[in-house]
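Below is one structure, written out as structure tokens, with a few remarks after it.
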Amino acid sequence: MSGSRILGTGSALPRQIVTNADLAERVDTSDEWIVARTGIRQRHIAQSDETTASLAIAAARAALADAGVDAASIGLIVLATATPDNTFPATATKVQAALGCNGGVAFDVAAVCSGFLYALTVADSLLTTGTAKRALVIGAETFSRILDWEDRTTCVLFGDGAGAVVLEAPSAQHTGSDAPGILGSRLHADGAQHDLLYVDGGPSTTQTVGHVRMKGPEVFRHAVVNLSAVLREVIEEAGVSVDEIDWVVPHQANARILDATAKKLGIAPDKVILTVDRHANTSAASVPLALDVARKDGRIKSGDLVMLEAMGGGFTWGASLIRM
Ligand code: ACO
């Protein structure tokens, strides 16, 4: 029997688009540099009336509509974010209140860019053990609020947004090798790499929110090695060949990381969903956002074998193979 099934997807982006040319007016950078080094052309940036919760709620509503299910049937909300509306309570509880499905389980997961993979795996486990029948798994971020807008090495890389999936518990109706559902997931963390990518503030240290700090080239090298390794683990665990994978939906950090990882595994570049050009790096939101884009534009269809993968601060990283 497969794991939990994705019934629907949804996403939400802030209204305001900021181009590379717009950023070049604020910091010493250029459209040419950003496109050549990252593949990013623009990003959406939240205005003061848009928050992680408001984006998450919009994405969740879109996913529920896509799945054709009522919010009342959602017994579990797992929301991945590094930019919650408040230090507490969890932003997931704000989503729950807005959707009116109070009484079930709702909590946030902090694994930065790989947060959605962590949230999906935790939700799948809780559904499999009977905690709930249906879940919303959300990645939502307003990274613009923790960027140092004077630091050209980080501020050009990120954007805001949210993506969500409705996940249903495994059922005996769905068995066999073509049954829809999660076929395998693997998660990892290496806390020794903290200083390569972190935020220099927090409630218990500086009592401030802090700003993103990153040693970009080192992160890049670790990302390619770690992502290739975890993809191989999931492929082996699921007993499929690389050629059987229809689509890879990677965390959208940098087009060059996506190219290098796909090349290492022998995955054709046209099987890799790329949204980093339009959205930049939206951290935990990037995988569900890209998944929703590729489902809505008709590329990812029912029955396709789809690999999700991400790496982020911690370091944390993971991958999930899903039959849609
Ligand atoms: N505009 C113009 N020049 C810049 C900019 C900018 N925005 N940023 C840096 N530079 C300069 C640097 O100062 C440096 O100049 P120097 O040679 O005179 O010292 C030069 O460009 C090269 O800088 P590098 O940092 O070596 O450039 P690199 O090719 O490694 O690209 C980047 C930097 C884009 C950050 C890349 O290393 C990267 O993408 N790393 C991965 C990090 C990442 O994606 N993190 C996101 C979260 S983790 C994850 O999701 C995997």
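The values are calculated or read from the model by the stated rules, or taken from the named source; none is laboratory data. What you are looking at is a predicted structure, and each value in this text was computed from that prediction instead of being measured. Positions of Cβ are backbone-derived with ideal geometry, glycine not excepted, and every protein chain shown enters the neighbour counts. Each accessible area value is taken on the protein alone, full model and side chains, heavy atoms only, with ligands, DNA and RNA left out. Shrake-Rupley method; radii C 1.70, N 1.55, O 1.52, S 1.80 Å.
Would you be able to say whether some residue in the range 66-73 is closer than 21 Å to Y198 by Cβ and either assigned to a strand (DSSP E or B) or open to solvent by 30 Å² or more (accessible area, probe 1.4 Å) (or both)? Before the answer, list the steps.
First, the residues of the range 66-73 that are closer than 21 Å to Y198 by Cβ: none.
For the range 66-73, residues closer than 21 Å to Y198 by Cβ and either assigned to a strand (DSSP E or B) or open to solvent by 30 Å² or more (accessible area, probe 1.4 Å) (or both): absent.
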Working carefully through the options F158, F107, F143, find the one that is under 24 Å from L13 (Cα atoms), more than 14 Å from the ligand (Cβ to nearest atom), outside the structural domain of N281 (by TED's automatic domain parsing) and hydrophobic (A, V, I, L, M, F, W, C).
F107
Taking A67 as meeting all but one of (1) within 16 Å of the ligand (Cβ to nearest atom); (2) touching a residue at least 40 places away in the same chain (Cβ under 8 Å), write down the number of the exception.
(1)
Conditions (1) part of a loop (DSSP other than H, G, I, E, B); (2) of a type outside the set (D, E, K, R); (3) within 14 Å of the ligand (Cβ to nearest atom): number failed by S286:
(1)
Within the range 235-260, how many residues are in contact (Cβ under 8 Å) with a residue 40 or more places away in the chain and of a type outside the set (A, V, I, L, M)?
8
Hey, D270 open to solvent by 10 Å² or more (accessible area, probe 1.4 Å), assigned to a helix (DSSP H, G or I) and either within 16 Å of the ligand (Cβ to nearest atom) or under 20 Å from G159 (Cα atoms) (or both) or not
no
By residue number, the members of the range 37-61 that are in a helix (DSSP H, G or I), within 14 Å of the ligand (Cβ to nearest atom) and open to solvent by 40 Å² or more (accessible area, probe 1.4 Å) are R37
Since Q193 meets every condition but one in (1) in contact (Cβ under 8 Å) with a residue 40 or more places away in the chain; (2) more than 12 Å from the ligand (Cβ to nearest atom); (3) buried (at least 17 other Cβ atoms within 10 Å of the Cβ), which condition does it not meet?
(2)
When only residues in the range 202-215 that are touching a residue at least 12 places away in the same chain (Cβ under 8 Å) and open to solvent by 20 Å² or more (accessible area, probe 1.4 Å) count, which is nearest to the ligand (Cβ to nearest atom)?
M214
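Here are some residues: I17, I34, I6. Which one is open to solvent by less than 50 Å² (accessible area, probe 1.4 Å) and more than 16 Å from the ligand (Cβ to nearest atom)?
I6
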Name the one entry in T87, T91, T81 that is in the same structural domain as L136 (by TED's automatic domain parsing), within 16 Å of the ligand (Cβ to nearest atom) and within 21 Å of the chain's Cα centre (by Cα).
T81
Which listed residue is open to solvent by 20 Å² or more (accessible area, probe 1.4 Å), of a type in the set (D, E) and in contact with a Leu (Cβ under 8 Å, 6 or more places away or on another chain), from E233, E218:
E218
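Do we have any residue at all in the range 242-260 that's part of a strand (DSSP E or B), open to solvent by 10 Å² or more (accessible area, probe 1.4 Å), within 25 Å of E218 (Cα to Cα) and touching a strand residue (DSSP E or B) at 6+ places or on another chain (Cβ under 9 Å)?
No, the range 242-260 contains no residue that is part of a strand (DSSP E or B), open to solvent by 10 Å² or more (accessible area, probe 1.4 Å), within 25 Å of E218 (Cα to Cα) and touching a strand residue (DSSP E or B) at 6+ places or on another chain (Cβ under 9 Å).
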